[in-house]
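Please read the structure below before turning to the comments.
Values quoted throughout were computed directly from the atomic coordinates according to the rules given, and no laboratory measurement underlies them. As the structure is a computational prediction, the values presented were derived from the model and not from experiment. Positions of Cβ are generated from backbone atoms using ideal geometry, with glycine treated the same way; all protein chains shown enter the neighbour counts.
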């Protein structure tokens, strides 16, 4: 039996038909052994990719294709990357995008397909001007209804300057060592460049300000 | 392993310059209003922060909403209500109003940098969990203090949890937390348990629960994460420290009226006052659901109020055109 319900497949097929503009190749890094969530992630993405001609799924093995993994800065699996014209959009999902995070994935696919998102022009200029590396980690659990808001903000910011910015969703229960390292006891929690962090969901503008603060405090 | 996949993410909408009705909030009241308004062929925009379903969406399982004999997950119910509203053409905008003038005619709202106008507004912003403002609470939020069991429960596997508040929310969420935690102690200010009996029985059946009644929470202790709570027995005044790894607070709800507080009439607790037609003190503005005074905070009631608000708004608009 499939993981996606028939009614959801029908709804998503219509959404993709109506809203997808350009193709979105999905790149999944996975492995066969010692990865509890890799196989289910492969399955859900396979089912998803079947719903539109504009979606393709390319599954690579973290160990065997380690050069690719290095190129995309992938050090843990499952890891999902969305591409546009073969170009990295700065968007990462580490861990299975289940529960509410599935909606984050769907939204990111539609944004990448459209090649834009709803961040207002004044913020776009600030994001585009960033010329140093920015790494935005957003820790989530799949049962957290507030988390997709924080993940969306990170992904939207990253895709406007993918040469410098990474927006990562991290499914906390799958990576307990990271939960420990970053002292995550509540979600969503956002950590920017290891030096700025905040809890909860904030408007896009406030997240951009935190990104700029992370850059200036490092100088 | 059992996975679910929520498809309720709201795709970006191309905002029009004007709408017949703008509904603020996409919980059960707001989405029901959207179903009625859009089905009445009014151009309808729902402005929502977060996920469809509102507070109901963070309830794991809902058993008292009619039509679901086995119960329904809050997330699924929210998704279904949103899909129903979208089917009739309601647009859903994900975000918050940047500015809002609901007293003017037409009413003006700024969303994502764009100014739009609307002839009617329905406020359905609901409530947010109340804070107790005891020492340690703000400092340790996200470090063991939480207001959302479904969000943060997984971090407390085999740990000791204190839940503050023995109302239905506190006990219901404790049943969910029992999936993860080793032990859950519910601390209640009053000498009695306020929760529905069916929930108390289910909580006791988990074999992981205990109640401490008639105790006041004085503070939450811990250096960089929660280590325990200090509580006081209210009749004897004796204090003690209860060690724990997590504290979940279910001590009531506060209305989310910040953007409207200066404009519409509120009761002394800050809820929006409405008449039997869900009308507020401002012409062309209705309110529905948990944000209104006297709400029973039930999904079934919010749905009814949302329907009334939309029907009344439709009558108002047709009388004006």
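Under the classification rounded if a/c is under 1.5, otherwise prolate if a/b is larger than b/c and oblate if not, where does region B:198-258 fall, given a ≥ b ≥ c as square roots of the Cα gyration tensor eigenvalues? Kindly include the intermediate steps, with their values, before the conclusion.
Numbers: a/c = 1.33, a/b = 1.04, b/c = 1.28.
Note, shape of region B:198-258 comes out rounded.
Once the piece of chain linking residue B:114 and residue B:68 is laid out straight, how much longer is it, given 0.36 nm per residue of separation minus the C-alpha distance between them?
Details: separation 46, 0.36 × 46 = 16.56 nm, distance 4.03 nm.
Difference between extended and current length: 12.5 nm.
For Cα pairs less than 8 Å apart in space and 6+ apart in sequence, what is the mean separation divided by the residue count of region B:158-210, i.e. the relative contact order in percent? Walk me through the intermediate numbers first.
Numbers: 83 pairs, mean separation 22.6, N = 53.
This gives 43 percent for region B:158-210.
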Check your understanding: Using a Gaussian network model of chain A with C-alpha springs under 10 Å, which one of A:40, A:23, A:120 is most mobile by mean-square fluctuation?
Key -> A:120
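Would you work out the relative contact order for chain B, in percent, from Cα pairs under 8 angstrom that are 6 or more residues apart?
The normalised contact order for chain B reaches 19 percent.
With r defined as the distance between the Cβ atoms of residue A:7 and residue B:214 and R0 fixed at 56 Å, what FRET efficiency is calculated, to the nearest 0.05?
Values: r = 49 Å, r/R0 = 0.87.
Working from the Cβ atoms, E equals 0.70.
Please work out whether the protein assembly as shown counts as rounded, prolate or oblate from its C-alpha gyration tensor, where a ≥ b ≥ c are the square roots of the eigenvalues and a/c under 1.5 means rounded, while otherwise a/b larger than b/c means prolate and anything else oblate? Provide the component values of the computation, followed by the final result.
Numbers: a/c = 1.55, a/b = 1.06, b/c = 1.46.
Since a/c reaches 1.5 but b/c is at least a/b, the shape of the protein assembly as shown is classed as oblate.
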**Study point:** Computed [θ] at 222 nm, helices only, for chain A once each DSSP H run of length n ≥ 4 contributes -39500 (n - 2.57)
**Key:** -12000 deg cm²/dmol
Check your understanding: Expressed as an acute angle from 0 to 90° and rounded to the nearest 10, what is the orientation of the C-alpha long axis of helix B:168-177 relative to the principal long axis of chain B?
Key -> 70 degrees
Point to revise | Calculated [θ] (222 nm, deg cm²/dmol) that DSSP helices of n ≥ 4 give over chain B, each run adding -39,500 (n - 2.57) | key: -7000 deg cm²/dmol
**Study point:** Between 0 and 90°, nearest 10: helix A:147-159 axis offset from chain A longest Cα axis
**Key:** 80 degrees
Revision key, fill the gap. For residue A:163 and residue B:205, extending 7 Å from Cα along the Cα-Cβ vector and measuring point to point gives, in nm, a value of 6.1 nm
Study note, to complete from the structure: Comparing B:259, B:66, B:129 in a Gaussian network model of chain B (Cα, 10 Å), the one with the largest mean-square fluctuation is B:66
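Starting from 0.36 nm per residue, how many nanometres of slack lie between residue B:320 and residue B:83 once their C-alpha separation is accounted for? Can you show the working numbers first?
On the way: separation 237, 0.36 × 237 = 85.32 nm, distance 2.99 nm.
Residue separation times 0.36 nm, minus the Cα-Cα distance, leaves 82.3 nm.
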Revision key, fill the gap. The rounded separation in angstrom of the Cα centers of region B:255-279 and region B:81-103 is 20 Å
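For a quick check: sort A:191, A:21, B:145, B:134 by the number of other beta carbons within 10 angstrom, fewest at the front. Walk me through the intermediate numbers first.
Details: A:191 22, A:21 12, B:145 28, B:134 19.
Lowest count first: A:21, B:134, A:191, B:145.
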**Study point:** Candidates B:152, B:17, B:245, ranked by Gaussian network fluctuation over chain B, Cα under 10 Å, top entry
**Key:** B:17
**Study point:** Distance between region A:24-77 and region A:85-101 - C-alpha centres, whole angstrom
**Key:** 10 Å
Check your understanding: If you stretched the chain out fully between residue B:223 and residue B:192, how much longer would it get, using 0.36 nm times the residue separation minus the C-alpha to C-alpha distance?
Key -> 7.9 nm
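How many Cβ atoms of partner chains, on average, are near each residue of B:92-99 if near means within 10 Å of its Cβ?
Working: counts 0, 1, 5, 4, 1, 0, 3, 0.
Average neighbour count from other chains, rounded to a whole number: 2.
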Point to revise | Over region B:131-249, relative contact order from alpha-carbon pairs under 8 Å, at least 6 apart, % | key: 32 percent
Check your understanding: From the Cα gyration tensor of region B:131-249, with a ≥ b ≥ c the square roots of its eigenvalues, which class applies: rounded if a/c is under 1.5, or else prolate if a/b is larger than b/c, or else oblate?
Key -> oblate
